[in-house]
Amino acid sequence: MNEEPKLLKEPREGVPEVIDTLEAYKDYCSLLAAGSGPLAADAERASGFRYGHEDWLIQFKRKGAGIGLLDPIELTKLGADWNEFNKAVGDAPWIIHDSMQDLPGFFDIGLRPRALFDTEIAAKLLGRKRFGLSSVTEYYLGLTLAKEHSAADWSYRPLPRDWRNYAALDVELLIELEEVMRAELKKQGKLLWAEEEFAHLLIAGEKKKAKHPRPWLRISHISVLMHDKIGLMIAKELWQKRDELARRYDIAPTLLLSDAAIIEASKRKPNNSRSFRSIRILNERVRIHTGCEQDKMFERYAPIQRKIKPNVWKLVIEEAISKAKSGIDAMSIDSDSNSSSSSSNTNNFDNSGCSGNKSSTDDADSDCFKNNNEDKFIEKSEEDMNNFESSYLQETQGAPKSMKYWREHHPKRFALLKKVKAVVMSISEDTHTPTDILIKPQIIRSLCWTDNPKNIDVHSFLIEQGARDWQADLISESVTRAII
């Protein structure tokens, strides 16, 4: 677009109220059933505030039905029949931006989309460098969307008008956007690729995520404790206690104890009251200062925070030190770590923004997206994390992520990996498609990690590893030549 983009301030038909009664819900289902075309969909959570990742607001739009803002928590309590919604929508494609953020929540509620169009994936396939929703609508429609409330506590009730306006805008343009992007995908010869991706995402969105065997290893900067057995035990025990309390009180774990506090305690190892009191971060209530509206939202959780006294952490640290000195290895997978929920805020790498509500942050220019990153791992070095896990898992869990491990321990495999990655990069440039859309990096690593890659049918291997047909068809021949 050459013209200056326009900021869309409100939906064209106004800002709707929240649907939180059975009567209003049934009325909207009737409107959806009478409507036509695809269904625009989105969801809002309270991940940076609450323990879980359930949807607190779900938004929809369909031609003839208008925008509906539904309170799924309240409606479920009232006994809403979500199959009524499913029947009303029927086989209509659901248009979602970054569907893997929202599909799991939709399925948990009882919603059953039968077809999908993901505008973020479409943008990536079309070679867009910035693929947040506002960037995509700006490029294809000449309209931008305000992002002021993307990191709000969506569990708060009643929802202010400004918040409802923001939520409604998230679905306002999706139907028009899908029409334009579908035409562009067809023009570039990528529509079949996109349809395969969307079908794959729809299946993946319904599957439950596997729990990480050691979720506490995702503490920010845990790699500084790589060779510290006592420190690792302290970190593990503090993480588990924090997770237990956060689940009990339904609060984000990092609002009870920050990752920075866990690392500080693990490095300093306080073994008496005096040394514990000297670590200020362990003795103060967690306060989040973003300079945005979130500050007041975080303060609503202060009463819960005050219930957890510093002595709780002191006792955990003492027990951890005792365990480590008795020879117990922190890296052992025990019942406690297996029982910890993998949905905890500190375990989820998909979150971004202040509260982890959205994953597409390339539109987020406000400071609130840059400050509250304790539980978003923005500061964490992924390479350090991979090195750390690789040092323990090494070859038992398949191809490691750490390039350092490849380079130092398997130089021949590393050389092959670089060669194959160069081939994929070349195809990426030729097709104007990101490499991670062409093929998952893990699949390429797995291929190059095999003992005899020259004897492998590359196309079959890629499919077995989860690649889509279009991906295997596109890259297998070139990759085979590189291996031989």
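The values are calculated or read from the model by the stated rules, or taken from the named source; none is laboratory data. Treat the numbers as computed from the prediction; the structure is a model and nothing was measured. Here Cβ is always computed from backbone atoms with ideal geometry, including for glycine, and neighbour counts include all displayed protein chains.
The single residue among I95, I73 that is crowded, with 21+ Cβ neighbours inside 10 Å, out of contact with any His (no Cβ under 8 Å at 6 or more places or on another chain) and not aromatic (F, W, Y) turns out to be I95.
Just so you know, in region 115-170 the residues that are buried (at least 21 other Cβ atoms within 10 Å of the Cβ), of a type in the set (A, V, I, L, M) and modelled with pLDDT under 95 include one that is nearest to R62 (Cα to Cα), and it is L145. For A210, the criteria (1) more than 28 Å from A467 (Cβ to Cβ); (2) aliphatic (A, V, I, L, M); (3) under 20 Å from the mean Cα position of the chain (by Cα); (4) assigned to a loop (DSSP other than H, G, I, E, B) hold in every case but one, which is (1).
Can you pull out every residue in region 96-116 that is among the acidic types (D, E) and touching a helix residue (DSSP H, G or I) at 6+ places or on another chain (Cβ under 6 Å)?
The one that is among the acidic types (D, E) and touching a helix residue (DSSP H, G or I) at 6+ places or on another chain (Cβ under 6 Å): D98.
The selection criterion, being assigned by TED's automatic domain parsing to the domain that holds Y156 and either out of contact with any helix residue (DSSP H, G or I) (no Cβ under 9 Å at 6 or more places or on another chain) or surrounded by 23 or more Cβ atoms within 10 Å (Cβ to Cβ) (or both), does not hold for K87.
Would you check if A260 is small (G, A, S), assigned by TED's automatic domain parsing to the domain that holds I109 and in contact (Cβ under 8 Å) with a residue 24 or more places away in the chain? It is false that A260 is small (G, A, S), assigned by TED's automatic domain parsing to the domain that holds I109 and in contact (Cβ under 8 Å) with a residue 24 or more places away in the chain.
Select from region 420-446 the residues that are of a type in the set (A, V, I, L, M) and out of contact with any Cys (no Cβ under 9 Å at 6 or more places or on another chain) and list them in ascending order.
Once the filter is applied, which keeps residues that are of a type in the set (A, V, I, L, M) and out of contact with any Cys (no Cβ under 9 Å at 6 or more places or on another chain), region 420-446 yields A422, V423, V424, M425, I427, I437, L438, I439, I443, I444.
Being at pLDDT below 95 and in a helix (DSSP H, G or I) is true for just one of K404, K412. Which residue is that? Sole residue among the options that is at pLDDT below 95 and in a helix (DSSP H, G or I): K404.
Residues that are under 26 Å from the mean Cα position of the chain (by Cα), assigned to a loop (DSSP other than H, G, I, E, B) and hydrophobic (A, V, I, L, M, F, W, C) within region 248-304 comprise I251, A252, L256, L257, V286, I288, C292, listed in sequence order. For region 184-205, indicate whether the set of residues that are closer than 29 Å to M297 by Cβ and either touching a helix residue (DSSP H, G or I) at 6+ places or on another chain (Cβ under 9 Å) or buried (at least 20 other Cβ atoms within 10 Å of the Cβ) (or both) is non-empty. There is at least one residue in region 184-205 that is closer than 29 Å to M297 by Cβ and either touching a helix residue (DSSP H, G or I) at 6+ places or on another chain (Cβ under 9 Å) or buried (at least 20 other Cβ atoms within 10 Å of the Cβ) (or both). Restricting the search to helices (runs of 4 or more DSSP H) fully inside region 73-150 and requiring at least 1 residues that are of a type in the set (S, T, Y) and under 22 Å from M181 (Cβ atoms) gives 99-109, 119-125, 133-141. The residue pairs whose first member lies in region 22-33 and is buried (at least 16 other Cβ atoms within 10 Å of the Cβ), whose second member is assigned to a helix (DSSP H, G or I), and whose beta carbons are closer than 6 Å, counting only pairs six or more residues apart or on different chains, are Y25/L75; C29/E84; C29/F85; C29/A88; L32/A88; L32/V89; A33/A88. Quick check: anything in region 444-451 aromatic (F, W, Y) and within 20 Å of A122 (Cα to Cα)? No: region 444-451 contains no residue that is aromatic (F, W, Y) and within 20 Å of A122 (Cα to Cα).
What residue, of F60, F49, F85, is in contact (Cβ under 8 Å) with a residue 12 or more places away in the chain, of a type in the set (F, W, Y) and within 16 Å of E172 (Cβ to Cβ)? The unique qualifying residue is F60. Could you tell me whether region 428-438 includes any residue that is without any contact (Cβ under 8 Å) to a residue 12 or more places away in the chain, surrounded by 18 or more Cβ atoms within 10 Å (Cβ to Cβ) and under 30 Å from A122 (Cβ atoms)? Within region 428-438, one or more residues are without any contact (Cβ under 8 Å) to a residue 12 or more places away in the chain, surrounded by 18 or more Cβ atoms within 10 Å (Cβ to Cβ) and under 30 Å from A122 (Cβ atoms).
On inspection, P38 qualifies as surrounded by fewer than 23 Cβ atoms within 10 Å (Cβ to Cβ) and over 21 Å from P158 (Cα atoms). Residues of region 9-65 that are over 19 Å from R114 (Cα atoms), part of a strand (DSSP E or B) and either under 21 Å from the mean Cα position of the chain (by Cα) or not assigned by TED's automatic domain parsing to the domain that holds M100 (or both): E44, L57.
Just one residue in the set I475, I437, I456 is hydrophobic (A, V, I, L, M, F, W, C), modelled with pLDDT of 90 or more and under 30 Å from A151 (Cβ atoms); that residue is I437. Restricting region 445-474 to residues that are aliphatic (A, V, I, L, M) and within 20 Å of K419 (Cα to Cα), the residue that is surrounded by the most Cβ atoms within 10 Å (Cβ to Cβ) is L462. The set of residues from region 179-194 being free of Cβ contacts under 8 Å to residues at least 40 places away in the same chain and either in a helix (DSSP H, G or I) or polar (S, T, N, Q) (or both) comprises E179, A183, K186, K187, L191.
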